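**Student:** My questions all concern the structure below.
The values are calculated or read from the model by the stated rules, or taken from the named source; none is laboratory data. Quantities reported herein were computed from a predicted structural model and do not represent experimental measurements. Glycine also receives a Cβ, built like all others from the backbone with ideal geometry; neighbour counts cover every protein chain displayed. What goes into the accessible areas is simple: the full protein's heavy atoms, side chains included, and nothing from ligands, DNA or RNA. Shrake-Rupley method; radii C 1.70, N 1.55, O 1.52, S 1.80 Å.
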Amino acid sequence: MNSNLNEKCINAIRILSADAIQKANSGHPGLPLGSAAMAFTLWSKMNHNGKNPKWQNRDRFILSAGHGSMLEYSLLHLFGYKVSIDDIKNFRQTGSITAGHPEYNHTPGVEITTGPLGQGICNAVGMAIAEEYLANKFNKEKYNIVDHYTYSIVGDGCLMEGISGEASSLAGTLGLGKLIVLYDSNKISIEGSTDIAFTEDVAKRYESYNWQVIKVSDGNDIEAINNAIDEAKAETSKPSMIIVSTKIGYGCPAKEGKASAHGEPLGIDNIKAFRENLNWPSEVPFEVPSEVYENMDKYIKSGEEKEANWNSLLQSYKNEYPELAKEYDLWFNKDINEKALLENEEFWSFDKEMATRESSGILINRLKDLVPNLIGGSADLAPSNKTYMKDKGDFSKEYKSGSNLHFGVREHAMAAICNGMYAHGGLRVFCATFFVFSDYMKASMRLSSLMNLPISYVLTHDSIGVGEDGPTHQPIEQLAALRSMPNMTVFRPADSKETAAGWYYSISNKTTPTSLVLTRQKLPLYEGDGKRALKGGYILRDSKKDNPDIILIASGSEVELIYRAYDKLKEQGIDSRVVSMPSFELFDAQSKEYKESVLPNKVRSRLGVEALSSFGWHKYIGLDGDILSLDHFGESGNANDLFEKFGLTVDNVVEKAIKVVENNKELVF
């Protein structure tokens, strides 16, 4: 290892980062300059191949401190990934692959989207769980085909965020020995020294989490960093935290060690002084000496050789264990037999009334045999969420083959961990909690949506039907909030058959997360095929007229109210249409012709019914319709009494429907 050449490579990371941020007039130079030495040392030791960023057995790297994205882009460029100098020059520009923060499936080599601090270390925990689970499933003696590490660089901000503590605690409990976190401890945040808000002993905290803690006193001591990584890898029974003391903005005389280095360009004059201080041979922006690229070639070729060796091992594995190898390929290509699932009568079959959380539990246990790489769990609520998979075992420090995960009371980290598990590859993932606590998960759910990760979110106890637990546990605005999230499919089924449709959609789609919003209370079982619900909205009971007098629309438990109101309105001489609308998103995605067949424009008398916020319903009910909803908090009490108190009754549906029809009699279209 030529230390002089490696120093030049490290300085190349610093120069490229500073130049790109200066050209963009936007970005965060402090972390790339301070962390360049430890990041380069790590990447030079990792198993990865820039020529094939999707190599399945590569080590995973997550820049949890995603604001320092130029650190990662510079590394990707130097290590042979498809990130060119022109891409570096276009940092933070519209259409560039070098976005302000690292983005999944946007830049070759970026494992997951980071930026919201603390998320990345949680994603890393998820990837480490996935690695250990898959290794226990597929590895055989002499054939460790799943055998890699998960690394993450975190900053002070990541460790201030509570989500990181949740995930780190779980990682220690699970003994994730192939998870290694490098902490860029520069003791500076945007507002100044971290001493103004962050004086805890991070080492002792992580030791209490059951992590190995290693300290490196000088962030530029390559040998010490190298030895620390080796020491971390030698500890197989617990995760490791390497605390590296660094200087933010290292090398820039006017900025080094100062808060001003964090989130603004260094400035032209400071970059000139920076180059001189590093003895950089060129004053031309983005110019990297040829000897740097020549030195990097050996690391790039080493990565290619590592993958070639693994490919040979995999081929031998396929020869000796052909059935297991076939299953390995099936798990990683993310395909399921949608046609077989759609035609599986047992999957779709229900014969009695039950709460949709209960039918969801039955469906999960049907899916576990049909989708063998299904893994998931709950935030200490599996008995209530009905998410436990029978005969699949519990994932733990002692047993890494279990498909049931126990996240503990850690909703925020749970969702982020699931993002990491899915992004790792090879697994279909779900997690669960009470619907009201989706608020704890929103940041991670938003990232699921942003990354197109098809996580299944099981969210039970979906309304005032929760009852006696009261307004702290009764969702109101949560459904509207999830519906407002781009690329999130929300599915609130009215019965067990619709619940099957929700699970079918969630497990078969590849581009959106799905929120399955389920009841605590028992619901009816309606006649007809549950597959109709895959259109998001459909006619459950129809008018005898070509154009109904009014259209009644509801989701979930309130479908029962409009279903029963149909008969009472008929007694009043009003011919209605009953539309079940489990998913706004799926209905909106249907053809114009289909939507017109369900909600014809000429029928302006419409009534929406939902025991949650009315926000978002007006696109269906229009200016001439009305909505029966709950735009205030609930209270503690018997669920049936609460529905009665707040007017969510059949009689009130009928009364409101009659008023809508009467108000629209004089309208001429």
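**Student:** Scan the stretch 81-106 for residues that are buried (at least 22 other Cβ atoms within 10 Å of the Cβ) and assigned to a loop (DSSP other than H, G, I, E, B) and jot them down.
**Tutor:** Across the stretch 81-106, the qualifying residues are Y81, V83, F91, T98, P102.
**Student:** Taking the condition of being out of contact with any Asp or Glu (no Cβ under 9 Å at 6 or more places or on another chain), in contact (Cβ under 8 Å) with a residue 24 or more places away in the chain and of a type in the set (G, A, S), how many residues in the stretch 245-289 meet it?
**Tutor:** So the answer is 5.
**Student:** Answer with yes or no whether W55 is out of contact with any strand residue (DSSP E or B) (no Cβ under 8 Å at 6 or more places or on another chain) and closer than 26 Å to M421 by Cα.
**Tutor:** Against the criterion (out of contact with any strand residue (DSSP E or B) (no Cβ under 8 Å at 6 or more places or on another chain) and closer than 26 Å to M421 by Cα), W55 qualifies.
**Student:** Every residue in the stretch 184-202 that is under 23 Å from G68 (Cα atoms), surrounded by fewer than 19 Cβ atoms within 10 Å (Cβ to Cβ) and not hydroxyl-bearing (S, T, Y), please.
**Tutor:** Those that are under 23 Å from G68 (Cα atoms), surrounded by fewer than 19 Cβ atoms within 10 Å (Cβ to Cβ) and not hydroxyl-bearing (S, T, Y): K187, I190, E191, G192, D195, I196, A197, F198, V202.
Residues are listed down the side, and each one gets a yes or a no for (1) farther than 30 Å from G109 by Cβ; (2) polar (S, T, N, Q); (3) out of contact with any Pro (no Cβ under 6 Å at 6 or more places or on another chain); (4) open to solvent by 10 Å² or more (accessible area, probe 1.4 Å):
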site	(1), (2), (3), (4)
L367	yes, no, yes, no
G393	yes, no, yes, yes
F407	no, no, yes, no
R410	no, no, yes, yes
A413	no, no, yes, no
N419	no, yes, yes, no
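**Student:** Every residue in the stretch 213-228 that is touching a residue at least 40 places away in the same chain (Cβ under 8 Å) and part of a loop (DSSP other than H, G, I, E, B), please.
**Tutor:** G219, N220, D221 - these are the residues of the stretch 213-228 that are touching a residue at least 40 places away in the same chain (Cβ under 8 Å) and part of a loop (DSSP other than H, G, I, E, B).
**Student:** Does at least one position in the stretch 61-77 carry a residue that is open to solvent by 10 Å² or more (accessible area, probe 1.4 Å), closer than 21 Å to M241 by Cβ, part of a helix (DSSP H, G or I) and touching a helix residue (DSSP H, G or I) at 6+ places or on another chain (Cβ under 9 Å)?
**Tutor:** yes
**Student:** In the stretch 437-455, which residues are polar (S, T, N, Q), farther than 17 Å from R483 by Cβ and crowded, with 24+ Cβ neighbours inside 10 Å?
**Tutor:** Once the filter is applied, which keeps residues that are polar (S, T, N, Q), farther than 17 Å from R483 by Cβ and crowded, with 24+ Cβ neighbours inside 10 Å, the stretch 437-455 yields only S444.
**Student:** Hand me the list of helices (runs of 4 or more DSSP H) wholly inside the stretch 555-669 holding 1 or more residues that are in contact with a strand residue (DSSP E or B) (Cβ under 8 Å, 6 or more places away or on another chain).
**Tutor:** Filter on the stretch 555-669 gives 559-571, 584-588, 592-598, 618-621, 650-663.
**Student:** Every residue in the stretch 477-494 that is open to solvent by less than 10 Å² (accessible area, probe 1.4 Å), hydrophobic (A, V, I, L, M, F, W, C) and not in a helix (DSSP H, G or I), please.
**Tutor:** M488, V490, F491, A494 - these are the residues of the stretch 477-494 that are open to solvent by less than 10 Å² (accessible area, probe 1.4 Å), hydrophobic (A, V, I, L, M, F, W, C) and not in a helix (DSSP H, G or I).
**Student:** A follow-up question, please. Among the residues of the stretch 264-304 satisfying the criterion of being open to solvent by less than 80 Å² (accessible area, probe 1.4 Å) and β-branched (V, I, T), which is nearest to N47 (Cα to Cα)?
**Tutor:** I300
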